[in-house]
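S.K.: The structure that follows is given in the form of structure tokens.
Read the figures in this text as sums done on the coordinates, not as results from a lab. Quick caveat, the model's predicted, so the values are computed rather than measured.
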Amino acid sequence: MTNTASAKILVFDSGVGGLSILQALQQALPGCEYTYASDNQAFPYGTKNADFLIQRVHTVLQALIEKTRPDLIVVACNTASTLVLPHIRQHFSIPIVGVVPAIKPAALLSKTGIIGLLATPGTVARPYTKNLVQEFANDCEVVSVGSAELVTLAEQSLRGTPPPLETLSGILKPLFDKHQLDTIVLACTHFPLIKDQLIKAAPRPVNWVDSGEAIARRVSTLLTNSASIKPPQYSTLHTAIFTMASNDIDLLGDALNKFDLDRIDYIQL
Ligand code: DGL
């Protein structure tokens, strides 16, 4: 088996959040060749308007596809996926898996019927998210918190600065003010990266639900069922791609090493 025979999977996010999805993918499908791409030039996505994001994700994916020729793309960003999936699926023929808020499993898990949705301001406001709630959590009360600050804290955490617990407690407060709330959806891929700290900052135990394992299962099924995608073999070639060179990337060394992303590259847009 040669390395080049492995399925090539492109995992895309605005920043480092998609590493939480990459982690689940690497655990489930260790033989694939992964490219992790961060649109750090346009980070953050959670506060940008819809028209900008649709155009931006299209442009970045186009450049990434030309450069890396992936077999499958994972848009490891709720903010982007809840908006751009129909558009990009229309334009690109490669299978695309999106990451969207795990409302359905959370509603199934909750015993009290009160669940929290922790996401970016963009994801919280999307019609797509509201439809998910209507379809899968119609009998639940959903308390939403949109926090751009939490995204920044997760970025800093992967650069070696842990988030202050009191800041996390303040962000979580509107959720825990609902005393019956028993389940929180981490509906931004950045948030599972600081889940341990969120658990510490929480005033009581709850279920924390994210999309990582479900996405890994979905990708696994697609790889198995698609004759045109090469199966996972074995690859040690994993690359991180950024849309802008920045000193800030040096601080990510440990985080990138943890995911075997030992080559760094750039695309020019
Ligand atoms: N990681 C992204 C998500 O899942 C958003 C972060 C950002 O605001 O750029 O929503």
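S.K.: Averaging over every viewing direction, what projected area does the convex hull of the Cα atoms of region 24-164 cover, in nm²? Walk me through the numbers on the way to the answer.
M.R.: On the way: hull surface 40.6 nm².
Taking the Cα atoms of region 24-164, their convex hull projects to 10.1 nm² on average.
S.K.: Something else about it: Roughly how compact is the chain, stated as its Cα Rg over 2.2 N^0.38 Å to two decimals?
M.R.: Numbers: Rg = 17.9 Å, N = 269, 2.2 N^0.38 = 18.4 Å.
My calculation over the Cα atoms of the chain gives 0.97.
S.K.: Taking the inverse of the average 1/r across all pairs of different Cα atoms in region 1-69, what Kirkwood radius in Å do you get? Don't jump to the answer; show the numbers that get you there.
M.R.: Values: mean 1/r = 0.0756 Å⁻¹.
Evaluated on region 1-69, it is 13.2 Å.
S.K.: With the chain treated as a Gaussian network of Cα nodes joined by springs under 10 Å, which of Leu186, Leu132, Leu19 yields the largest mean-square fluctuation?
M.R.: Leu132
S.K.: Name the most mobile residue of Ser228, Ser144, Ser81, meaning the one with the largest mean-square fluctuation, in a Gaussian network model of the chain with Cα contacts below 10 Å.
M.R.: Of Ser228, Ser144, Ser81, the most mobile in the Gaussian network model is Ser228.
S.K.: Using only Cα atoms and rounding to the nearest 10 degrees, what angle (0 to 90) does helix 50-68 make with the longest principal axis of the chain?
M.R.: 30 degrees
S.K.: Once you have a ≥ b ≥ c as the square roots of the Cα gyration tensor eigenvalues for region 127-269, tell me rounded if a/c is under 1.5, and otherwise prolate or oblate according to whether a/b is larger than b/c.
M.R.: Details: a/c = 2.23, a/b = 1.30, b/c = 1.72.
In terms of gyration-tensor shape, oblate.
S.K.: Counting C-alpha atoms alone, how compact is region 34-104: give Rg to one decimal and Dmax as a whole number, in angstrom.
M.R.: Rg and Dmax of region 34-104, Cα atoms, are 11.7, 36 Å.
S.K.: Can you tell me the 0 to 90 degree angle between the C-alpha axis of helix 78-91 and the longest principal axis of the chain, rounded to 10?
M.R.: Between the helix axis and the principal axis of the chain, the angle is about 40 degrees.
S.K.: Roughly how far apart, in whole Å, are the Cα centres of region 190-244 and region 133-160?
M.R.: Taking the Cα centre of region 133-160 as reference, the centre of region 190-244 is 16 Å away.
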